[in-house]
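Working notes, beginning with the structure itself.
The values are calculated or read from the model by the stated rules, or taken from the named source; none is laboratory data. Since this is a predicted model, take the numbers as computed values, not measurements. Here Cβ is always computed from backbone atoms with ideal geometry, including for glycine, and neighbour counts include all displayed protein chains.
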Amino acid sequence: MLQKFDERNKDLHIWVGDRLYHRDEAKVSVFDSVVQGGDAVWEGLRIYPEGVMMLDRHLNRMYESAKALAFTHIPPTTFIKDALRQTLEANRMDRDTHVRVTLTRGSKITSGMDPRLNQSGSTLIILPEWKPPVYDNDHGIKVITSTIRRNNPAFLDSKIHHNNLLNNIQAKIQANVAGVDAALMLDKDAFAAELNGTNIFMAKGDRVYTPYATACLHGMTRGLIIELCQLHGIHIEERNLSLTELYNADELFCSGTMGELTPITELDGRLIENRNGKKVMKKLISYFEKAIPEYCTRL
């Protein structure tokens, strides 16, 4: 599903470093680590009228990702929140907004991989866009299984929300060539990990399953769905899921900040048939929507 340009985003104000710039002037140095090697961490935030969804959880994950990558300068949460507030106010955004918050290791004194070359502190980028959920949740999406495997901790831990997304991009290219909306990425043992940009769930009867967060991102929306299942008495289990199980699920759906909860209607040409008729995802969407005010933070 190809996103389209929203005319409301023509005159965005974007935070870079320590101030706001018009989108035409918002730039980072060619010596910045994100340019030199994708050396950065990021979070995607969604803005609702009630505030920023799960803001503290997102910023905590960003901090832990930066710490795992040995960033020597991580701005305090108060600074990031204030910069985010200023950015949203400058763009008059209070709903239907997706914000990409990136923290790079900063600029280097000369090209090279050595983090000791970063001597000017990190670079904070806050990019807001008018962007309602990107998927058509009424009709769902079609998915193929990619030949590109998801990273695991032996190579690059998925619990680091980093900017090195080439394997996800390769999987998305395969989906584009196949004429579908997204690609399912497997782990090293051929169990489901996640889609190229979202987490995956399956329902069988009145039970919900999702892959272990070993090779997949421990997504914020994923975590909330697990909490909502536990709160409302829906059996939820993290375990290895094979393609055969996914093909025969009553319901398949994906979750993420960009698209919330989205049904998967077809996987590798197999239609997902709800033979049980329980409609677990519909319940979870209702619980999710009702939970939004509780999980939002006003700036």
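Candidates LEU217, LEU243, LEU299: the one that is among the aliphatic types (A, V, I, L, M), at pLDDT below 95 and surrounded by fewer than 17 Cβ atoms within 10 Å (Cβ to Cβ) is LEU299. Tallying residues that are in a helix (DSSP H, G or I) and touching a Gly at 6+ places or on another chain (Cβ under 7 Å) within the range 215-233 yields 1. Answer yes or no: is there a residue in the range 142-159 that is in contact (Cβ under 8 Å) with a residue 24 or more places away in the chain, acidic (Asp, Glu) and assigned by TED's automatic domain parsing to the domain that holds LYS282. Taking every residue of the range 142-159 in turn, at least one turns out to be in contact (Cβ under 8 Å) with a residue 24 or more places away in the chain, acidic (Asp, Glu) and assigned by TED's automatic domain parsing to the domain that holds LYS282.
Within the range 135-157, which residues are crowded, with 17+ Cβ neighbours inside 10 Å and either out of contact with any strand residue (DSSP E or B) (no Cβ under 6 Å at 6 or more places or on another chain) or of a type outside the set (Gly, Ala, Ser) (or both)?
Answer for the range 135-157, where residues must be crowded, with 17+ Cβ neighbours inside 10 Å and either out of contact with any strand residue (DSSP E or B) (no Cβ under 6 Å at 6 or more places or on another chain) or of a type outside the set (Gly, Ala, Ser) (or both): TYR135, ILE141, LYS142, VAL143, ILE144, THR145, ILE148, ARG149, ARG150, ASN151.
For the range 39-97, the candidate set comprises residues that are touching a residue at least 40 places away in the same chain (Cβ under 8 Å), among the basic types (Lys, Arg) and not in a loop (DSSP other than H, G, I, E, B); within that set, the residue that is surrounded by the most Cβ atoms within 10 Å (Cβ to Cβ) is ARG46. Could you list, in sequence order, the residues of the range 1-37 that are without any contact (Cβ under 8 Å) to a residue 40 or more places away in the chain, surrounded by 14 or more Cβ atoms within 10 Å (Cβ to Cβ) and farther than 21 Å from ASN163 by Cα? Listed by number, the list holds a single entry, TYR21.
Does LEU224 satisfy the condition of being among the hydrophobic types (A, V, I, L, M, F, W, C), at pLDDT 95 or above and more than 24 Å from LYS159 (Cα to Cα)?
The answer is no for LEU224.
Taking the criterion of being crowded, with 17+ Cβ neighbours inside 10 Å, of a type in the set (A, V, I, L, M), more than 17 Å from the chain's Cα centre (by Cα) and part of a strand (DSSP E or B), would at least one residue in the range 272-283 satisfy it? No: the range 272-283 contains no residue that is crowded, with 17+ Cβ neighbours inside 10 Å, of a type in the set (A, V, I, L, M), more than 17 Å from the chain's Cα centre (by Cα) and part of a strand (DSSP E or B).
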